[in-house]
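Data block below; observations after.
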Amino acid sequence: MSSFLPYTHRYSLTAADMDTRYRMTPGAVLLYFQDCWARYMACLHLAAFDVVKQNLMWVVTEFNAWFEPQTALWSDDIDVTVWNSEISALRLYTDFRVHKSDGTEVAHGYACWTLLDTEAHRLAPNTPLAPQIPILPEKTSGAHKKMRFPDGGTLLQEVTHSVSPINLDFNGHVNNRTYLSIAMQSADEAFMDRHAICSLAIQWQKETFLGDTLLCRLRQLPSETEETYNRYLHTITRGDGQTAAQIYSEWAPRTVQVDASELAPRV
């Protein structure tokens, strides 16, 4: 078993990680998870710049996260811990935990990675790399099942986004965090101020590129239980009508309203 697993890296939150109420954004959780996993895979010599020599590319296809009520602020230190918990012929699952330096949890979840053959543009098997990837199945955060998103709901809003160079990653594709940013832009500011995110599920389905125009449709889904969760589905489509990404989220009313003036950034 590799001494690198589980792997933890500490980050200091920046102003770019905050919303207008100084709370850490869901996009920042996704960012730090991906960065931590990249650092860990670099320790195993399996990072993006390692596998590209074999004409391979890591692609994240699914992301699930559950959030705890928290007030992680600018300049707070957070620890991100990752470990690979399951591997099959075509999928690698990575679990993660985001927590403050005092141990208070901010979020936890898991993601699914696949290998893509950069020449054939097809999925490639994990088999050749599997012996180099330590797996901790006993630490999985739950059953890893392929996502199924609900249909229907009430259409609340549509927004369009023209892909610019700032949206691209080093592969020339639209960065996966851009889809989450587009989705959050369609949310009502007053709603975001009064509610806290409880869970988030993202599935990336199709690549998009510079010059593409993306359409994001926001739908509110009916409640499944008597709980007070608000359920939403963002569907982002390409110009050809194919779905690029879907984002499912659950939100709950904030039990405590904090004045932003009381949350002065700590530097």
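Below is a table of values for the structure above.
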read-out: From the options Thr208, Thr178, residue that is touching a helix residue (DSSP H, G or I) at 6+ places or on another chain (Cβ under 6 Å), hydroxyl-bearing (Ser, Thr, Tyr) and crowded, with 16+ Cβ neighbours inside 10 Å; value: Thr178
read-out: Strands (runs of 3 or more DSSP E) within the stretch 37-104 that include 3 or more residues in contact with an Asp or Glu (Cβ under 8 Å, 6 or more places away or on another chain); value: 77-87, 92-100
read-out: Long-range neighbours under 7 Å by Cβ, at least six apart or interchain, first residue within 27 Å of Phe209 (Cα to Cα) within the stretch 137-166, second in a loop (DSSP other than H, G, I, E, B); value: Gln157/Ser186; Val159/Ser186; Val163/Thr208; Val163/Phe209; Val163/Leu210; Val163/Gly211; Val163/Asp212; Pro165/Leu210
read-out: Any hit, the stretch 112-126, residues being within 27 Å of Tyr11 (Cα to Cα), aliphatic (A, V, I, L, M) and touching a residue at least 24 places away in the same chain (Cβ under 8 Å); value: no
read-out: Qualifying residue in the stretch 103-114 (condition: loosely packed, with under 12 Cβ neighbours inside 10 Å and either farther than 30 Å from Gly239 by Cβ or under 17 Å from the mean Cα position of the chain (by Cα) (or both)); value: yes
read-out: Single residue of Thr20, Thr8 found to be at pLDDT below 95 and either in contact with a Ser or Thr (Cβ under 7 Å, 6 or more places away or on another chain) or not charged (D, E, K, R) (or both); value: Thr20
read-out: Lone unmet requirement of (1) more than 23 Å from Thr20 (Cα to Cα); (2) modelled with pLDDT of 95 or more for His234; value: (1)
read-out: Some residue of the stretch 68-82 being buried (at least 20 other Cβ atoms within 10 Å of the Cβ) and either of a type in the set (S, T, N, Q) or free of Cβ contacts under 8 Å to residues at least 60 places away in the same chain (or both); value: yes
read-out: Count - residues of the stretch 115-139 that are within 22 Å of the chain's Cα centre (by Cα) and surrounded by fewer than 17 Cβ atoms within 10 Å (Cβ to Cβ); value: 5
read-out: Residues being more than 16 Å from Cys216 (Cβ to Cβ) and in contact (Cβ under 8 Å) with a residue 60 or more places away in the chain - total across the stretch 169-188; value: 2
read-out: Verdict on Leu129 being in the same structural domain as Glu86 (by TED's automatic domain parsing), on the phi < 0 side of the Ramachandran plot and in contact with a helix residue (DSSP H, G or I) (Cβ under 9 Å, 6 or more places away or on another chain); value: yes
read-out: Residue in the stretch 28-53 that is nearest to the chain's Cα centre (by Cα), counting only those that are crowded, with 17+ Cβ neighbours inside 10 Å and closer than 21 Å to Thr104 by Cβ; value: Leu30
read-out: Conditions (1) touching a helix residue (DSSP H, G or I) at 6+ places or on another chain (Cβ under 9 Å); (2) within 15 Å of Gln246 (Cβ to Cβ); number of the one not met by Gly152; value: (1)
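The values are calculated or read from the model by the stated rules, or taken from the named source; none is laboratory data. Keep in mind that this is a model prediction, so the values were computed, not measured. No Cβ is skipped: glycine too gets one built from the backbone with ideal geometry, and neighbour counts run over all protein chains shown.
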